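*Asks:* Here it is, the structure in full.
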Amino acid sequence: MTRKSTRRDFLRGIPAGDAASDAPRARQGPGQASDQPPGGSYLIEVSRAAMACRFELLFNAGQYPNDTEAAVAALDVVEKLESQLSYFRPTSEISRLNLLGGDGPVPVSQEVFDLLALALDLSRQTGGAIDVTSTPLWEAWGFARRGGTVPTEDELAAALEHVGNHLVELDPGQRTVHFKHPAVRLNLGSLGKGYALDWAAEVLRSAGVADFLFHGGQSSVLARGSELKQGAEAPPSEGWTIGVRHPLRPDQRLGEIRLRNRSLGTSGATFQYFRHKGRRYGHILDPRSGRPAERVLTSTVVAPSATLADALSTAFFVMGPEQTAEFCRTRPEIAALLVCPAEGGRGIRVQTFGLHDELVLLEGG
């Protein structure tokens, strides 16, 4: 039995079947019982809109009697974190911090403090390629208004004065955050979805659910255990298969990555960009120069946590192949796949770092 592809993608544009071995899934809302036969021949999906995307959980049908209840609890955690982390919610902790952080130390929750500490550390590790203080740049380029405009050199220089992790002071003892300039504003969008997945996965683990695939939108994926293959004669599965989309050909799959107790994040400017005087400007900005990063089409990272995978996919998009190679060389727990424009501007060039043959199967491009 097969099903048609749907709009539910694990990486932008990839049919959900690519991430679930084309197993039929039983749509299941909170409190509804599955009418599919037990034994793991089907996947059950529980989903909810959050963080401007759709978070979806996939379980092997019949494997865990409490899967739906655990899924609802996990999605509740995602919702709670959105209320704390969202740049767009005026009542969130981040919005309050952006309003008051320049006036003095502001107490924050442990979740927000820990995520900020990790974000600042990753900024240092990547030489500033990811920076949660880059909101002034995002605004200067018009992306905050869901539009686009090319700033003047003076506007860009003014925005850069308010960007940098050196402008944020964390006090672990008091659990407070202070900005050294009142114009500093934080946005945790580059790692917020991954952070939510990691917290929600702990809820599932505590409930005894060990096999599931959990993703937020089309860019952040967390896998635990394995998908159960259909049929009595089916060989055991080793994890979950994620399809990787070709950045220039929406209907073509570039390859597959198999995840087991790992996470995946992907970043790209394929769909969020604007054109000005014949030139294309993507929404992923290099915080060091203040300009859109242009050397990479898509960046995919496999890491131990969804937070790391999310953040590093953005950082590697900015860093490019050479710096990414060096980072992965010193961090063997991190693997990456970069798709870059081919020499001469036609086609693509795929580069992998730390991904073994059993983890990625490229099908050309």
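*Asks:* What are the residue pairs meeting all of these: first residue in the stretch 173-198, first residue over 11 Å from residue 116 (Cβ atoms), second residue assigned to a loop (DSSP other than H, G, I, E, B) and aromatic (Phe, Trp, Tyr), Cβ atoms under 7 Å, and 6 or more apart or on different chains?
*Replies:* 187/87; 189/87
*Asks:* Looking at the stretch 205-254, which of the residues that are of a type in the set (A, V, I, L, M, F, W, C) and at pLDDT below 80 is nearest to residue 282 (Cα to Cα)?
*Replies:* Top of the filtered list is 234.
*Asks:* Another one. Select from the stretch 43-92 the residues that are closer than 21 Å to residue 114 by Cβ and among the aromatic types (Phe, Trp, Tyr) and write down the one among them that is surrounded by the fewest Cβ atoms within 10 Å (Cβ to Cβ).
*Replies:* Ranking the candidates gives 87 first.
*Asks:* Determine, yes or no, whether residue 131 is charged (D, E, K, R), in contact with a Pro (Cβ under 6 Å, 6 or more places away or on another chain) and more than 21 Å from residue 200 (Cβ to Cβ).
*Replies:* Yes.
*Asks:* Quick check on the stretch 207-218. Is at least one of its residues among the aromatic types (Phe, Trp, Tyr) and touching a Phe, Trp or Tyr at 6+ places or on another chain (Cβ under 8 Å)?
*Replies:* Yes: one or more hits.
*Asks:* What strands (runs of 3 or more DSSP E) lie completely within the stretch 255-347 and have 1 or more residues being in contact with a helix residue (DSSP H, G or I) (Cβ under 7 Å, 6 or more places away or on another chain) and either surrounded by fewer than 21 Cβ atoms within 10 Å (Cβ to Cβ) or modelled with pLDDT of 90 or more (or both)?
*Replies:* Ranges flagged: 262-268, 298-303, 335-341.
*Asks:* Looking only at residues that are in a loop (DSSP other than H, G, I, E, B) and among the β-branched types (Val, Ile, Thr) in the stretch 126-136, which one is surrounded by the fewest Cβ atoms within 10 Å (Cβ to Cβ)?
*Replies:* 126
*Asks:* Out of 123, 95, report the one residue that is assigned to a helix (DSSP H, G or I), out of contact with any helix residue (DSSP H, G or I) (no Cβ under 8 Å at 6 or more places or on another chain) and not aliphatic (A, V, I, L, M).
*Replies:* 95
*Asks:* A further question follows. When you scan the stretch 107-117, do you find a residue that is in contact (Cβ under 8 Å) with a residue 40 or more places away in the chain, within 30 Å of residue 277 (Cβ to Cβ) and out of contact with any Gly (no Cβ under 6 Å at 6 or more places or on another chain), even just one?
*Replies:* No: zero hits.
*Asks:* Here's something else I'd like to know. Given the conditions (1) under 19 Å from the mean Cα position of the chain (by Cα); (2) modelled with pLDDT under 95; (3) closer than 26 Å to residue 295 by Cβ, report the number of the one that residue 136 does not fulfil.
*Replies:* Condition (1) is where residue 136 drops out.
The values are calculated or read from the model by the stated rules, or taken from the named source; none is laboratory data. Since the structure is predicted, the reported quantities are computational estimates derived from the model, not experimental observations. Glycine gets a Cβ as well: all are built from the backbone with ideal geometry, and neighbour counts include every protein chain shown.
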